[in-house]
Amino acid sequence: MEVSADDIVETVRSALLVLDENLVVQSANRAFYRTFDVTPEASIGRTVYDLGNGQWDIPALRRLLEEVIPSHEVVEAYEVDHVFEMIGQRSFVLNARKVFRPGNGVPFLLLALDDVTETRKAEVERDRTLKLAETIVATVRDPLVILEGDMTVVTANRAFLQLFGVTDAQVAGRPVGELGEGQWGVAALRDLLLRVVPDSEAFDGYEIEDEFPGLGRRIFKLNARKIFRPGDAVTRLLVVFEDVTEARLLERHRDLLAAELAHRIKNNLQIITSFVAFEIRRAAEPCLEGYRAMRARIGAVAELYDVISRSAVFGPVPAEDYLNGIAASLRASLVGPESDIVISVTAEPLMISADHAVALGLIVNELATNAVKHAFPAGKGHIVLGIARHDEAVTLTVSDDGIGLAAVADSSGSQLGSLFIDAFVRQVGGVLAKGTGTEGTTFTVRMPSSVLAAV
């Protein structure tokens, strides 16, 4: 099958002109007519400078056609930027080639015009955005670097260079893991940075602590974001280094002070319980029950501060540790090592708000104390302290396998204990329910989830 030159010309996407040696248009393809909104009748037989309203009569094109082409067989990527009357501001890349007809020494000129206007606009916008970004980067007070996808440094701002005492030449093009003496070469950090590239995940608050040359021991918090350049498929990472050394040291110092304070409060409360225990040995029989109840209540509060001192922070209180501490205090103050009354704990891994911990502990103490005193006339039984979460509520339970409430005669002491329990239940916003029978008693306090520490 024979393919003509005209067929080839018409399939080319670029606008094409065929000019004779006098720069007169011999033919053009549809892409040319469509691009410049002209017709064959208005183009063929006219010089290129006369096309349209003479918009091609411009110095850049005259230089190409009259100075460059006569001395060259081929011209590539000659760019013309001009405001054309019919189509406005345009940028064209021109490629020209002299073609000789067989048997004829007279050449004609094949001229291809590619519209690169949008590409040039994108490049201008990219450069403008890049300059703006560089200006922003330079003015950010926190140390900042931009990384290529392979984790090599593109640039670092002045704050980074000044902090680490390096020059741009010393960091540009180097892998981030090799900066300084390799402090940034942490596997976990590299994994985080590499995860940002394919998954578009930003990360905030990753901390790294190390000895840095000239700086001493520092703690930096890192935040990273993927960034794109308009008109460019290259992905880069923006990484900000925030020096949080002072803040972290203050937090650690605060935690140590909190733990020490809690420990001292616990010791002082234990001293008070020792005084009460001394009075118990001297007190008359009618006063013994009151002294023992007082000792148990003080012990319940002391257990809270014991848990706090071991967790080294005034914050959420682990429910299981707290209940175990109260159980131990009850065994020591009310049961004794030779007793057949067992106190155990069943607790979910919940964190109690410090604001509600004292009231919750005193509820448990009062209910368990009543069970120890009244549920087991034979001196043998089992008490279970429990806490669990159900939907949007928290349930606190104190169960025993004793004789049941019906067999227990009220006394002034137990009535006073009930008043305390009701007050503490109201304090935590809870509701108290009880179930009892010949096989034991269960007290349940249903509380809102606000008694738990916010996660």
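The values are calculated or read from the model by the stated rules, or taken from the named source; none is laboratory data. It should be emphasised that the depicted structure is a prediction, and the values quoted were computed from it without experimental measurement. Here Cβ is always computed from backbone atoms with ideal geometry, including for glycine, and neighbour counts include all displayed protein chains.
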(message) Need pairs with beta-carbon distance below 8 Å; first residue touching a residue at least 24 places away in the same chain (Cβ under 8 Å) and within region 335-361, second aromatic (F, W, Y) and assigned to a loop (DSSP other than H, G, I, E, B); sequence gap 6+ or separate chains.
(response) I341/F376; A354/F314
(request) Only residues in region 50-79 that are over 18 Å from F36 (Cβ atoms) count as the first member; pair them with residues that are among the charged types (D, E, K, R), Cβ under 6 angstrom, at least 6 apart or cross-chain, and list the lot. (result) E73/K98; V74/R97
(message) Whether any residue in region 158-172 is modelled with pLDDT of 75 or more and among the basic types (K, R) is what I want to check.
(response) yes
(message) For Q89, only one of the following conditions fails: (1) out of contact with any Leu (no Cβ under 8 Å at 6 or more places or on another chain); (2) in a strand (DSSP E or B); (3) at pLDDT 85 or above. What is its number?
(response) (3)
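Report, by residue number, each residue of region 13-55 that is part of a helix (DSSP H, G or I) and either of a type in the set (A, V, I, L, M) or under 60 Å from the mean Cα position of the chain (by Cα) (or both).
First, the residues of region 13-55 that are part of a helix (DSSP H, G or I): 30-36, 48-50.
Within region 13-55, R30, A31, F32, Y33, R34, T35, F36, V48 meet the criteria.
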(message) I'd like to know if region 101-118 contains one or more residues that are at pLDDT below 75 and in contact with a strand residue (DSSP E or B) (Cβ under 8 Å, 6 or more places away or on another chain).
(response) yes
(message) Any residue in region 368-381 that is of a type in the set (V, I, T) sitting within a Cβ distance under 6 Å of a residue that is in a helix (DSSP H, G or I) and surrounded by 12 or more Cβ atoms within 10 Å (Cβ to Cβ)? List the pairs, counting only those 6 or more apart or interchain.
(response) T369/A296; V372/L334
(request) Go through region 419-443 and give me each residue that's surrounded by 15 or more Cβ atoms within 10 Å (Cβ to Cβ) and either among the aromatic types (F, W, Y) or closer than 22 Å to G402 by Cβ (or both). (result) F420, I421, F424, V425, L432, T436, G440, T441, T442, F443
(message) Suppose we filter T152, T135, T139 for residues that are of a type outside the set (A, V, I, L, M), outside the structural domain of S27 (by TED's automatic domain parsing) and at pLDDT 80 or above; which single one remains?
(response) T152
(request) List every residue pair whose Cβ atoms sit under 7 Å apart, with the two residues 6 or more apart in sequence or on different chains, where the first one lies in region 281-295 and is more than 18 Å from T369 (Cβ to Cβ) and at pLDDT 75 or above and the second, anywhere, is of a type in the set (A, V, I, L, M, F, W, C) and exposed (fewer than 12 other Cβ atoms within 10 Å of the Cβ). (result) none
